[in-house]
Amino acid sequence: MNGKPSTFTAYYLIKKNRVQKKRKLYKLALGVSFDLTVSIYLGLFLLFGAFILFDTIKQYQHYFLEIESFISSNIVLLPLLFVIRPLYLSFTKPGILFTSAELKLSMLPFSRQKLWIYCLLEKWLKIVMGTFSLGIIIGLVTPFTFNLIWPLIILTVLMQLLMSIPQWYLYQQPIIKKLLIIFVVMVLTGVTRIGSLAFEPPYLWIAILLVVLLLSNILIFKSCHTHVDWQKVIQTNDLAVWNIWFVNQMSKMQIKPEKRQGWLQQIVKRKKEKLPFDYQDKTIIYKRLWRRSFAEEKEQVIQTIGGILVLLIVLCFQAKWLFGLGICLAIFIFSKMVASFFTAGFSEKLLHSLPWDMEVRIKAFKYWVNWVAIFLGVVLTILLLSSGVNWLWIPMLILLYITVTTFYINRQLRLRQSLLIKENGYQSFWEESLSLLFFGLVLVSIVYPIVSVAFIFLLLYQVRFKK
Amino acid sequence: MKGLDVNSVSVIIKEEPILDNVSFSLNQGSISALIGHNGAGKSTVMKTIMGWQEKAAGTIEIKGVEQERDFIAFKQNLSYIPEEPFLLSELTAMQHFQLYGQSYQMKEEVLLSRVEYYINKFEIADKLDEYPESLSKGMRQKVQTICALLPDVPLLLIDEPFMGLDVYASDFLQQVLIDKANNGTSILLTSHQLERVQELADSYIMLQQGKVVGNGDMEDFQELTRRFDQ
């Protein structure tokens, strides 16, 4: 063979195959979720949906014009957003998608620097094409005028192009240096902005910012390939490339994100946390492990708690029986969420392989659950106070909700526990009936608060059960 | 009473039989090697004993405690050294040892003296307060190995015991395993390092395509079967 192999050809080959593989994955995922009939219905639905949306947008034309005039008068503030976002992202994402494939290519006779530049150019190309396409679609579909859209497109493109290299550079820096740089940048940006208020035209400061960013890009460009933790970069980027939400949902396979080096995590890992535990207090280790387990599932935790809050707030101001229904659903959803997180906490191989002291694990688990329950309880109390329920009944109602929640969570945990330890499912017709009865009482509790006295019965039952 | 009794265990994954009527037992204080080509089912046997893999049929007992009947007591009877360390990134090496000590209900003074012994022998005394991310793969393997060696259990399962360990650590581990076996622990290990296995184990169980195709004394072991009969 003659001549040097072309880096671009190798890069292009990887990209082409990546696109083909992704297309295949999407095809497979689509095959699982849609057949011909569903596709036809969905197509028609989308078509009608688009017409309805277009019509609705036209009806609200005046709102769009108001938004347009607001954005136009504040457009000089927009670059701040484009500066802050990549700075924030630099804690977890390098921004330039240099993956393990490119790293492996760089171990063959291909230049790593060239490969990195191709990744950067690809990102820029995507920014330009994506922003222009989106801008033009918005311009054609919505009442926004192109007098606003063109400057927005150009500003968005320029700022994103100029922040790509700084984000990559910052990602590589140690946490303290990174925080320091960000602090200095923010102060300088603020000072420039305030200073620019004195100048006419106001766009001058945008021009200054762009020039400063351009110079920074030139300055840091050379250091972009030194002191790079390539392993960390490719771990993050591989996940960004291959963790495709739609495919994950359809295949029911989750690509577990690598632990992120979030800024909070980096600061919080204090020296104190490295010290051995108090061996006599068995719950300490498990409290730490459950906290980690919740943190890993934080999106679901936030979604569920958010859902419960929305449910309670929306139904609180409706008819009384609807508020009761909302509380009923909230207790049910919360208990199911708690039970499902309990099982998930055993999925870690090391924790699964150890003998389980269930009492200790449950105690540590409930420590966190109780904090969430207290928060929801406080919100519920406020809602009860503002919903017009006689305040004299509120303590009794709260006691009813606490006992029902505790009872149902304990029952759910016992069920999950029996599955984990391979026992036959814990079943009790009596407890099932009791759950139904008390959910019924919660349902009518806002209309007939007197039913809340029944909490005493459930409380006594639980005390007896514990004994 | 047998140290481990695997009786007619079958495992089916996606309608494909992975283990087919596998039966074998380990005497108390014996070291047995689970031998087979890649994909023979060795890891599945380990996973099934650990309870990670559901069985389609069969029973598994450790010292008379059946897996299905009392899973927690069953787990209390075994510890496991995996081929790849699976340490938790939130705990330091010492905190891992404490977690194992508490889980196996070890007294604190016993735990501390054993930790002291093993960390010196494995030469990781200076790494006790380190998180797994800041340890090399070999160090992580040492931490994981120590974790499993800490409790006195009737059964020790080991997947590729010498993988990632340096020669001194491997020699020390080999000696520890022999001592443990002399004290009554049954050991089931898988390894591709046949020479070392032949030195260590006193019996073997050979798997091929998910079936036991041979077992006996290690000295009678002749050669590994191929993936497909030739």
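The values are calculated or read from the model by the stated rules, or taken from the named source; none is laboratory data. These numbers were taken from a predicted model, which means no experiment stands behind them. Positions of Cβ are generated from backbone atoms using ideal geometry, with glycine treated the same way; all protein chains shown enter the neighbour counts.
Here are the numbers:
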item: Residue ranges of helices (runs of 4 or more DSSP H) in segment B:134-230 with at least 1 members in contact with a Gly (Cβ under 8 Å, 6 or more places away or on another chain), within 17 Å of residue B:80 (Cα to Cα) and not aliphatic (A, V, I, L, M); result: B:137-149
item: Odd one out for residue A:72 among (1) modelled with pLDDT of 85 or more; (2) of a type outside the set (A, V, I, L, M, F, W, C); (3) assigned by TED's automatic domain parsing to the domain that holds residue A:142; result: (1)
item: Some residue of segment A:326-349 being surrounded by 20 or more Cβ atoms within 10 Å (Cβ to Cβ), in contact with a Lys or Arg (Cβ under 9 Å, 6 or more places away or on another chain) and of a type in the set (Phe, Trp, Tyr); result: yes
item: Residue list for segment B:100-119, restricted to those being at the interface with another protein chain (Cβ under 7 Å from one of its Cβ atoms) and either part of a loop (DSSP other than H, G, I, E, B) or farther than 18 Å from residue A:281 by Cβ (or both); result: B:104
item: Top-ranked residue in segment A:355-381 [being surrounded by fewer than 16 Cβ atoms within 10 Å (Cβ to Cβ) and at pLDDT below 90; ranked as nearest to the other protein chains (Cβ to nearest Cβ)]; result: A:358
item: From B:86, B:97, residue being under 12 Å from residue B:143 (Cα atoms), facing chain A (nearest Cβ under 7 Å) and either of a type in the set (A, V, I, L, M, F, W, C) or touching a residue at least 40 places away in the same chain (Cβ under 8 Å) (or both); result: B:86
item: Given (1) closer than 17 Å to residue B:72 by Cβ; (2) assigned to a helix (DSSP H, G or I), index of the condition residue A:330 fails; result: (1)
item: Segment B:36-52, subset more than 13 Å from the chain's Cα centre (by Cα) and either touching a residue at least 60 places away in the same chain (Cβ under 8 Å) or under 22 Å from residue B:193 (Cα atoms) (or both), residue surrounded by the fewest Cβ atoms within 10 Å (Cβ to Cβ); result: B:38
item: Residue match in segment A:384-401 (condition: within 14 Å of another protein chain (Cβ to nearest Cβ), on the phi > 0 side of the Ramachandran plot and not in a helix (DSSP H, G or I)); result: no
item: Search result, residues across segment B:66-99 that are assigned to a helix (DSSP H, G or I) and under 20 Å from residue B:181 (Cα atoms); result: B:74, B:75, B:76
item: Long-range neighbours under 9 Å by Cβ, at least six apart or interchain, first residue of a type in the set (Phe, Trp, Tyr) within segment A:47-66, second assigned to a helix (DSSP H, G or I) and surrounded by 11 or more Cβ atoms within 10 Å (Cβ to Cβ); result: A:54/A:141; A:64/A:57
item: Where residue B:168 falls short, out of the listed (1) within 13 Å of chain A (Cβ to nearest Cβ); (2) of a type in the set (Ser, Thr, Tyr); (3) surrounded by fewer than 17 Cβ atoms within 10 Å (Cβ to Cβ); result: (1)
item: Test: residue in segment B:13-33 that is facing another protein chain (nearest Cβ under 9 Å) and part of a loop (DSSP other than H, G, I, E, B); result: no
item: Residue satisfying all of: in segment A:267-307; surrounded by 12 or more Cβ atoms within 10 Å (Cβ to Cβ) and among the small types (Gly, Ala, Ser); modelled with the lowest pLDDT among these; result: A:295
